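Derivation of every value follows stated rules applied to the coordinates shown; laboratory data play no part. Predicted, not measured: the structure shown is a model, and the values here were computed from it. Note that each Cβ is placed from the backbone with ideal geometry, even for glycine, and that neighbours are counted across all protein chains shown.
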Amino acid sequence: MTAFPDLLIEQHQLDNGLRVVLNPDAALPLVAVNLWYHVGSQNEVPGRTGFAHLFEHMLFQGSLHIGTNDHFRHVQQVGGVANGSTWYDRTNYYETLPANHLELGLWLESDRMGWLLPAMTSEKLENQRHVVMNERLQRVDNQPYGRAYERLDELLFPAAHPYHWPVIGYMDDIAAATLADVESFFRTWYTPDNAVLTLAGDFEPAEALALADRYFGEIAPGPRPPRPRPELPELAGAVHETQDDAVELSRLHLAFRLPPYGHADWYAADLLATVLTGGLSSPLYRDLVYDRQLAQDVGAFVLPTELAGSFALVATARPETEPAALEAAVREHVRRAGAEPFATAELDRARNRILTHHWEGLQQLDQRADQLSQLVTFFGDPHLLQRELDRYRELSAEDLQRCAARWLTDERSVAVTVVPARAAAA
Amino acid sequence: MTAPAGRVALDRAQPPEARPLERFLFPPFLHRRLLPGLDLYAAHIPRAPMVSLELILPHGGQSDPVDARGLASLTADLLDEGSELRSGPEIAAWVERLGGSLSASADWDAGYVACTLLAEHLPHALALIAEVALTPTFPDAEVERLRKRRLAELMRRRSSPTALAEQRFARALYGTGAYGYPLIGDEADLRALHRDAAASFYRHAFRRGGATLIASGDLDPEDIAARSGELLAVWPADPAPAPQPVEPVERSAITIHVVDRPQAAQTELRLGHAGPPRNHPDRVPLSVMNSLLGGKFISRINLNLRERHGYTYGAHSSFANRLGPGPFQVSAAVATESTAAAVRETLGELRRLQQEAPAREELADAVQYLEGVFPYTLQTVESMAQRLSQLAVFGLADDYFDRYFELLREVTPEAIREVAARHLRPEVCAVVAVGPAAALVPQLESLGRVAVWSPAGEPVGEADEAG
């Protein structure tokens, strides 16, 4: 057996509440700077959906000491890579830089955490509103099957629950955002005590911590608004919708609610997803794509979300397959997962796959730093980076069966089938 | 050192000074002729307990017979669908049991059998790669299954704006020959393909002569050399002749192709022409030129179309990495009503770069970007394998990546203008717009002759095949 290397991980907290995670690793002359703000679409309200994401765009429009677009300019002119992304529970900002430019990353991130508002203008908001509208068109409205995931969330979660609406937001809401919204959102959520800063790469930890304090230490903590605790009543029963779209092949999206990320059943469901569809030798791929050839592809995934989890199975039908036949075949596999345990060999295959992907991901400093920020934001413990694998090791075939029987039942299922729209009359 | 305690000393108005950094060196690797016709590149990269192995087979899509477009890719895909020892499902189960994955594929230049997994399983991976590459059986049922799957995939692509744009753009640049159709094949040819065609392509093209083994990760290069020489010794060594050169369509003016999706919410845009091969001597200044033109966020085309005009979420330009004259292309998804404006702005950026040398600072930013980002692109054992694979496929010297840094620093503003003048051809670009024809044709007519196509590839109205 290969000995798996132990990663050095430290966690600190500045006086203003900013948590700082350090993972020194001198293998390459690089440093990843990763900042998670614990705010996402979960903190929006109906009528202003998509605001957390539009706001993320505004953070690249300059701050008091950094001009419009100069964030990317500063990073790229030294050979760095930068971006940000918004999700249900969080917004992240990150850059990977040549190791000698660590301080540049801290300067850039601290300036927009501390001094954003003086640089905001309605012209910038107007420009980014157009960019984001085009992003929505590109990612959702002009994508085949693009509206299916949005619909799945709408059906899976009730209207008052923040997972009901899409992270990118609805077009009308994006159009409605104002500069006043930008200001109040910033003051509420973009505070050091609502953030985690992770550094991974080639640096000396004590020095990096001192630099983090130098750049972020003087930023005042914020109001610490309460975290959302939305109610989530049980689904009244199975839901099934059919969506017409400009597609050639129909596709089934079958989803179930799960407990949130961190719960034992969440890990069981994640392992089950890998057992069911991870690899060419998984039972669903083998049966649906290989043996019976009902499907062009099949996959299952579980999202690491904070307020509630979800399990989704997606399968694209062959041209000659009736959507109902594919759905029946998929549901039969899910039912069987709840009715009888898988062989240990199937669990081992899935665990080995998860272990391999774990190491594949850890090779990349930006992914590693992002994982660390996630684990600290949700659980306060960066050491889970490696210990989390134990959660998968501890699971038995019976645990997976119980999880499927509890959560993945027909009565709790939400299905969206996308079918080819009949050609419009000429 | 420690940071000064007094926070007032921090001047936020200027970016902090960088520390000195030792120059990055490309990791050392072993390059050796292992057997007649077969080279090995192997690098010890111990950052993670992973290995990545890849056997590169000579010949790719460029060697497809004229009446069997897609055959190289189908043949490669079939390699792991049955060996003399195991069936396809047994091969998959065998490697996946170890947490690994095996893939067999082809691009235009070569075929690839690749495997990435935990380092402790290295000997298994090496033996499996040799097994599938040397003893494929091409079972009838698997040929039939993959053929049907590809036909369904071609069908699926008819509803994907990006796939439609890429397919129409390739066809406009290269006609019906190599590079002009999807690598996975042309529908009419795929319908006629059968087992014997794949088996015969395999015997002819995928031989040891011209093949390369790549290994990177937590491994000992000498150990790989010792193990693999034996495994690959029985493979026929004589190489197949080189394929016919790729011939781009000649154009004397801008031509515009609209693929009509009447309900489309946005327009998928491609603009460009055939470019130089990967191993062209201008490649390094061209990379710098492309970087400042559209290769990164802070580039002329992206700042123009996205940040100045808000036409798009992002615009990007690239030169393909191919043995032959692969495409230079600008791509963006734009608001339909702004399509012609986006084309005009893009053509304007190409012409401006041909006429005026960039400022020294803009050039320095692009050079430092390419230099600094290089280690970032080498973080995984797979990305290191890809770099070694580039050396092998494009016949680049072993010191190419060391020289790359030197050549980058030698690029001058005037050299950028010269390579732009030599390799950009805004006056004969092909423009492809996938979106509602009723809104696109009136906008685009002032820019050149417009042909309209259906998503299925049929001409609408008076469209014809000419570039």
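Any idea what the dipole of the protein assembly as shown comes to, in debye rounded to 20, about its Cα centre with Lys/Arg Cβ at +1 and Asp/Glu Cβ at -1?
Approximately 900 debye in magnitude.
Would you kindly give the portion of the calculated P(r) for the stretch A:238-320 that falls above 23 Å, as a percent of all Cα pairs?
Tail fraction, whole percent: 31.
With contacts defined as alpha carbon pairs under 8 Å and 6 or more residues apart, what's the relative contact order of chain B in percent?
This gives 21 percent for chain B.
Take the alpha carbon gyration tensor of the stretch B:218-313, find the square roots of its eigenvalues, order them as a ≥ b ≥ c, and report rounded if a/c is under 1.5; if not, report prolate when a/b exceeds b/c, else oblate.
prolate
Roughly what % antiparallel, to the nearest 5, for the DSSP beta bridges in the protein assembly as shown?
For the protein assembly as shown, the DSSP antiparallel bridge percentage is about 75.
Taking only the Cα atoms of the protein assembly as shown, how large is their convex hull per residue, in Å³?
Numbers: hull volume 142.5 nm³, N = 893.
Normalising the Cα hull of the protein assembly as shown by residue number yields 160 Å³.
So what's the gap between the Cα centers of the stretch B:200-227 and the stretch A:305-319, to the nearest angstrom?
That distance is 39 Å.
Calculate, in whole percent, how much of the Cα-Cα pair population of chain A lies beyond 36 Å.
In whole percent, the long-distance tail amounts to 32.
Report, in degrees rounded to the nearest 10, the 0 to 90 angle that the Cα long axis of helix A:102-114 makes with the longest principal axis of chain A.
Around 90 degrees separate the two axes.
So what's the angle, to the nearest 10 degrees on a 0 to 90 scale, between helix A:397-407 and the longest Cα principal axis of chain A?
Taking Cα atoms only, the helix is inclined about 90 degrees.
With a cap of 11 neighbouring Cβ atoms within 10 Å, and only residues DSSP puts in a loop, list the GluC sites (Glu not before Pro) found in the stretch B:65-101.
Listed in order of number, the matching sites are B:Glu84.
In percent, how large is the relative contact order of chain A, given Cα pairs closer than 8 Å and 6 or more residues apart?
22
Charges only on Cβ, +1 for Lys and Arg, -1 for Asp and Glu: so what's the dipole of chain A about the Cα centre, in debye to the nearest 20?
Taking the Cα centre of chain A as origin, the dipole is about 520 debye.
Taking every pair of alpha-carbon atoms in the stretch A:10-216, what share in percent sits in each 10 Å bin, from 0 to the bin with the longest distance?
8, 33, 33, 20, 6, 0
With a ≥ b ≥ c taken as the square roots of the eigenvalues of the C-alpha gyration tensor of chain B, please select rounded if a/c is under 1.5 and otherwise prolate if a/b is larger than b/c or oblate if it is not?
Note, shape of chain B comes out oblate.
What share of all Cα pairs of the stretch B:255-460, in percent, falls into each consecutive 10 Å distance bin?
Final binned percentages: 8, 31, 33, 20, 8, 0.
May I ask which residue of A:Thr409, A:Trp189, A:Gly79 lies farthest towards the positive end of the charge dipole of chain A, with charges of +1 (Lys, Arg) and -1 (Asp, Glu) on Cβ and the Cα centre as origin?
A:Thr409
When B:Asp109, A:Asp70 are ordered from fewest to most other Cβ atoms inside 10 Å of their Cβ, what list results?
With the sparsest Cβ surroundings first, the list reads A:Asp70, B:Asp109.
Using the Cα centre as the reference, give the magnitude of the dipole from point charges on the C-beta atoms of the stretch A:207-362 (Lys, Arg: +1; Asp, Glu: -1; all else neutral), rounded to the nearest 20 debye.
The dipole of the stretch A:207-362 has a size of about 360 debye.
Counting helices only, and only those DSSP H runs with n ≥ 4, report the 222 nm mean residue ellipticity of chain A as the sum of -39,500 (n - 2.57) divided by its residues, in deg cm²/dmol to the nearest 500.
Numbers: 14 runs with 167 residues, N = 426.
Taking each H run of at least 4 residues, the total per residue is -12000 deg cm²/dmol.
Angle check, please: helix A:264-277 long axis (alpha carbons) against the longest principal axis of chain A (alpha carbons), in degrees 0 to 90, nearest 10.
60
Pairs of alpha-carbon atoms within less than 8 angstrom and 6+ residues apart define the contacts here; what relative contact order does the stretch A:12-116 have, in percent?
On the way: 155 pairs, mean separation 35.1, N = 105.
After rounding, I find 33 percent.
Return P(r) of the stretch B:30-231 (all Cα-Cα pairs; 10 Å bins starting at 0; whole %; ordered from short to long distances).
9, 33, 33, 20, 5
Among A:Ser281, A:Val45, A:Leu384, whose Cα sits farthest toward the positive end of the charge dipole of chain A (+1 at Cβ of Lys/Arg, -1 at Cβ of Asp/Glu, about the Cα centre)?
The Cα lying farthest towards the positive end belongs to A:Ser281.
Using the 10 angstrom Cβ neighbour count as an exposure proxy, how do A:Glu234, A:Glu103 rank, fewest first?
Fewest-to-most Cβ neighbours within 10 Å comes out as A:Glu234, A:Glu103.
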